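Encoded as structure tokens, the structure appears first; notes follow it.
The values are calculated or read from the model by the stated rules, or taken from the named source; none is laboratory data. The structure presented is a predicted model; accordingly, all values stated were derived computationally and were not measured. Backbone-built Cβ (ideal geometry, glycine too); neighbour counts: all protein chains shown.
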Amino acid sequence: MFRATLKSLLARKVRLILSGLAVVLGVMFVSGAFVLTDTLGRSFDAVFADAYAGIDVNVAAKPKVAIGEAEGEQVSPAFPADVVGRVRAVPGVAEATGVVNADGARLIGGNGKVVTSFGPPQLGENWTGESDLVKLREGRAPQADDEIVVNAALATAAKVKVGDRVGALTAFDSKRRDFTLVGTFGYSGGRDSVGGVNEIVFTTPAAQRLMLGKPDTFNSVTVRAAGGVTPEALRDDLTRALGPQYEVKTGEQLSADAAAGLKEGLSFFNKVLLGFAAVALLVGTFLILNTFSIIVAQRTRELALMRAIGASGRQIIGSVVLEALAIGLVASILGLGAGIGVGALLAWAFGTFAGGLTLAGLGVPPIAVVSAFAVGMLITVVAALLPALRAARIPPIAAMQDVATPDRPLTRITVSGAVVTAVGGALLAVGLTGNAGGNTLPVILGGVLFTFIGVALLTPLLSRPVVSLLGGLFAWSVPGKLGRLNSGRNPRRTAITAAALMVGIALVTGVTVILDSAKSSIAGAAETTIDAQLVISGAQTGPRPPVFDPAVVDRAAEVPGVNAVVGIYNDNAVVDGDRTMYVVALTDLAAMGQIYHTTAQAGTIATLRPDQVALSVSGAKELGKSVGDRLTGQFARGEGPHTYTVTAVLPDDRAIGSIMLPREAGAEFTSPQPFTALVQLTPGTAVSQVQPQLEALVADSPEVSVADRASFIKQQTSGFDTLLTMIQILLALAIVIAVLGIINTLALSVLERTRELGLLRAIGLRRGQTMRMITVEAVVISVFGALLGIVVGTGLGAAVVRALEDEGITDLVLPWSQIGIFLGLAALIGVVAAALPAIRAARINILGAIAHD
């Protein structure tokens with residue numbers, strides 16, 4: 001039986017390649033995700049090990065607001081310079097150096113534009129001298145406060161050279177300041193940067209003023225231990241000497257903590273890739289199931305003959321499962337190889353995009369290998385199991401006569417589909433209404449999976465009427481009539497083939513509905529609630545949004561034609577001692593109320609005093625506060641918590657954030673400058689009259705511009721378009737697998753109908769007509785799958801939008817143009833998928849086909 005199975009497999013190797021290819025693509029995603037994250041993780045380990053190699057111990061003040069890597073930027077508070085002396089006085093300290101090192105220093109390149117970063121920080125530092133790690137490449141160290149040096153990578157990106165007069169923006173001074181570039185530096189091993197970080201290095205006084213906002217302060221102290229003193233022992237001694245308000249860590253701890261923060265972000269990226277791998281494998285399952293179903297149907301007489309000569313049903317099942325295992329094994333090996341290649345390519349792209357991250361050697365972690373074989377082989381066996389069970393039920397008598405695969409009733413599969421779809425709908429309802437507790441995402445994903453499977457089971461019931469209707473569009477010719485009949489002759493086969501395409505189209509449609517609805521809701525809310533004709537802001541291209549001088553808000557209010565202006569700061573803060581929450585600071589709450597046309601639900605809207613706060617209705621509910629109550633706020637750069645009295649509670653849809661603080665609080669935020677200002681004009685004032693005057697106010701802030709409301713809304717929602725494009729690219733893999741499924745189905749169908757095709761050719765069907773017949777069949781199946789996907793995706797998208805209504809997503813937008821594109825794409829997919837099977841059918845030998853058994 002084993003030899004017979006192997007011979008059967010080898011005899012059908014071509015027809016099984018496409019099924020195996022579907023598994024290859026899915027496994028490629030799985031293994032590639034693990035290879036990518038492992039390679040990048042070890043690369044970051046090496047980067048931070050290098051960066052902290054010369055540090056035995058580091059001293060920093062404890063962050064006032066502790067946040068995770070995914071929540072925002074962690075700020076190390078500044079402390080007095082005399083702390084360096086205290087550290088130096090501790091026994092065992094050989095050397096202690098005060099360091100200024102903060103994110104937010106941006107160089108203005110030779111083209112007048114700010115050099116951006118899409119991930120790595122842009123650091124402003126003080127020059128502490130050369131070391132084993134840092135070496136000057138050109139020029140000298142900065143000596144005057146208007147002199148800087150930069151790392152070689154930044155000099156190259158900015159296209160500047162030693163001796164140039166260059167501009168820079170800093171954390172505490174968003175206005176352009178000009179400096180003389182007196183030198184460039186690099187790192188050991190010939191590197192131009194460490195991890196793609198851009199660095200601007202000032203004199204110590206300039207760095208303290210521009211990056212920390214205070215003279216005679218530092219935000220860390222690097223310590224070198226005396227001979228015979230271990231870093232761990234020195235760390236413990238410094239901890240006892242300095243007290244609990246300081247964090248003292250060894251260089252190894254710093255390296256591990258920094259790498260762990262970035263790996264947290266990588267783990268999320270890994271989950272995204274695995275999610276798309278799951279989609280690809282789900283589609284591949286439909287393809288493999290269909291392939292084995294057709295092959296079992298074609299081998300009815302062969303399998304029946306085996307039963308007749310003594311093979312048991314268990315042996316027949318084993319034969320089919322063994323074929324699946326062989327395909328899964330080969331596909332897993334190929335998928336693992338492809339995943340290693342893709343992981344390496346993505347790691348290289350990430351390193352290049354991140355600004356020259358030096359990659360560690362390519363690594364293949366054990367989990368990549370284990371998951372590749374576990375997933376690849378499991379999927380093929382599960383997909384082949386139903387056809388295997390069907391094969392075991394073939395009676396031996398079938399070998400003695402010509403048999404056709406009976407068209408079994410659809411009752412059982414329809415009932416099963418209805419039950420599974422109901423379960424999927426129930427899970428979605430629980431997840432989307434927030435009743436799943438801490439398991440919201442798994443419940444929603446489970447609901448989507450069950451919904452797809454349920455709809456796939458219901459598809460045979462729909463296939464005959466829908467396919468007949470679609471095929472009617474081509475029934476004006478004989479090939480069209482034949483193609484229409486062929487596509488509807490086996491509803492199960494048509495349904496499984498269409499379901500594979502349905503999954504990809506449904507996900508793309510659903511995501512498009514959600515994102516388009518979000519864009520429309522945000523734009524609509526801005527149009528109806530914000531009476532601001534101009535907005536001062538910039539496009540965020542890095543970890544921090546562009547900011548501008550707070551004085552710009554006050555000067556804008558004095559421009560003729562301006563009725564009201566409100567500047568907005570934002571950050572995370574610790575509220576009431578134990579909650580980390582998103583907060584905003586406003587230059588003028590009364591102006592905000594005027595621009596938003598809002599009235600207080602409780603209390604009074606007026607300009608906030610330094611000790612007052614306004615809350616939204618949801619914020620007040622979350623904190624359990626009402627007008628007259630007090631709350632405390634600790635900010636990233638604040639010395640200690642501030643106490644505020646609640647003076648107003650505003651409606652959620654007419655408030656900027658849930659906690660609105662006075663402008664004085666913004667000075668203690670991570671970015672102590674406003675990132676947005678809303679400008680309301682007096683009635684009858686033209687935008688073109690005021691806009692140039694406001695642009696002149698931010699002329700020294702090249703990251704910031706003045707836009708009208710429509711342009712600002714478009715800028716803010718453009719991220720949805722980018723996200724949608726990325727999702728469509730990743731989901732294209734599922735659609736590619738679905739195309740393979742159509743090709744496979746048609747190819748096997750042509751083989752199954754060899755005799756029929758020979759007879760049609762014999763009675764006059766020409767080659768061109770044969771090709772058109774096969775093409776019509778493919779187009780009908782693919783358009784049917786696209787229609788299913790559009791209906792299911794629209795339903796899922798609408799359900800999510802409805803569930804997000806309380807979050808402000810109130811508009812349901814159906815992407816009609818996208819739907820038209822999907823249907824056109826489906827027809828094109830059918831034409832492309834039919835090409836090879838149609839050519840094969842047209843070239844069939846008529847006499848040989850008629851004699852085919």
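Return the residues of segment 430-444 that are assigned to a helix (DSSP H, G or I) and surrounded by 15 or more Cβ atoms within 10 Å (Cβ to Cβ); say none if nothing qualifies.
430, 431, 432, 440, 443, 444
Only residues that are surrounded by fewer than 18 Cβ atoms within 10 Å (Cβ to Cβ) and touching a helix residue (DSSP H, G or I) at 6+ places or on another chain (Cβ under 8 Å): list them for segment 147-161, please.
If the condition is that a residue be surrounded by fewer than 18 Cβ atoms within 10 Å (Cβ to Cβ) and touching a helix residue (DSSP H, G or I) at 6+ places or on another chain (Cβ under 8 Å), then 161 is the only one that fits.
Within the bounds of segment 78-85, is there any residue that is acidic (Asp, Glu), at negative phi and out of contact with any helix residue (DSSP H, G or I) (no Cβ under 6 Å at 6 or more places or on another chain)?
Yes, some residue in segment 78-85 is acidic (Asp, Glu), at negative phi and out of contact with any helix residue (DSSP H, G or I) (no Cβ under 6 Å at 6 or more places or on another chain).
Out of segment 94-108, which residues are in contact with a helix residue (DSSP H, G or I) (Cβ under 6 Å, 6 or more places away or on another chain) and at pLDDT 90 or above?
96, 98, 100, 107
Residues that are at pLDDT 80 or above, over 30 Å from residue 502 (Cβ atoms), assigned to a loop (DSSP other than H, G, I, E, B) and out of contact with any Ser or Thr (no Cβ under 9 Å at 6 or more places or on another chain): does segment 705-722 have at least one?
Looking through segment 705-722, none of the residues is at pLDDT 80 or above, over 30 Å from residue 502 (Cβ atoms), assigned to a loop (DSSP other than H, G, I, E, B) and out of contact with any Ser or Thr (no Cβ under 9 Å at 6 or more places or on another chain).
Select, from 689, 716, the only residue that is among the polar types (S, T, N, Q), within 38 Å of the chain's Cα centre (by Cα) and over 30 Å from residue 841 (Cβ atoms).
Of 689, 716, the one residue that is among the polar types (S, T, N, Q), within 38 Å of the chain's Cα centre (by Cα) and over 30 Å from residue 841 (Cβ atoms) is 716.
Which residues, taken from segment 210-235, are in contact with a strand residue (DSSP E or B) (Cβ under 8 Å, 6 or more places away or on another chain), within 20 Å of residue 63 (Cα to Cα) and of a type outside the set (A, V, I, L, M, F, W, C)?
Matches in segment 210-235: 216, 217, 219, 220, 222, 235.
With respect to residue 553, is the statement that it is in contact with a helix residue (DSSP H, G or I) (Cβ under 6 Å, 6 or more places away or on another chain), aliphatic (A, V, I, L, M) and either surrounded by fewer than 23 Cβ atoms within 10 Å (Cβ to Cβ) or outside the structural domain of residue 123 (by TED's automatic domain parsing) (or both) true?
On the way: in contact with a helix residue (DSSP H, G or I) (Cβ under 6 Å, 6 or more places away or on another chain): no; aliphatic (A, V, I, L, M): yes; either surrounded by fewer than 23 Cβ atoms within 10 Å (Cβ to Cβ) or outside the structural domain of residue 123 (by TED's automatic domain parsing) (or both): yes.
No.
Need the failing condition index for residue 131 against (1) within 27 Å of residue 259 (Cβ to Cβ); (2) in contact with a strand residue (DSSP E or B) (Cβ under 7 Å, 6 or more places away or on another chain); (3) among the small types (Gly, Ala, Ser), just the number.
Status for residue 131: all satisfied but (2).
May I ask you to list the residues in segment 647-683 that are surrounded by fewer than 24 Cβ atoms within 10 Å (Cβ to Cβ), of a type outside the set (Val, Ile, Thr) and in a strand (DSSP E or B)?
Once the filter is applied, which keeps residues that are surrounded by fewer than 24 Cβ atoms within 10 Å (Cβ to Cβ), of a type outside the set (Val, Ile, Thr) and in a strand (DSSP E or B), segment 647-683 yields 662, 680, 681.
Condition check ((1) of a type in the set (D, E, K, R); (2) part of a loop (DSSP other than H, G, I, E, B); (3) touching a helix residue (DSSP H, G or I) at 6+ places or on another chain (Cβ under 9 Å); (4) at pLDDT 70 or above) across all residues:
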{"position": "427", "(1), (2), (3), (4)": "no, no, yes, yes"}
{"position": "464", "(1), (2), (3), (4)": "yes, no, yes, yes"}
{"position": "482", "(1), (2), (3), (4)": "no, no, yes, yes"}
{"position": "487", "(1), (2), (3), (4)": "no, no, yes, no"}
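If a residue must be crowded, with 24+ Cβ neighbours inside 10 Å and over 30 Å from residue 831 (Cβ atoms), how many such residues does segment 779-800 contain?
Total meeting the criteria: 0.
Regarding segment 768-779, can at least one residue be identified that is at pLDDT 80 or above, aliphatic (A, V, I, L, M) and under 30 Å from residue 515 (Cβ atoms)?
yes
Counting only residues that are polar (S, T, N, Q) and in contact with a Lys or Arg (Cβ under 7 Å, 6 or more places away or on another chain), which one in segment 697-723 is surrounded by the most Cβ atoms within 10 Å (Cβ to Cβ)?
That would be 701.
For segment 137-187, how many residues are of a type in the set (Phe, Trp, Tyr) and modelled with pLDDT under 90?
Residues that pass the stated criteria total 2.
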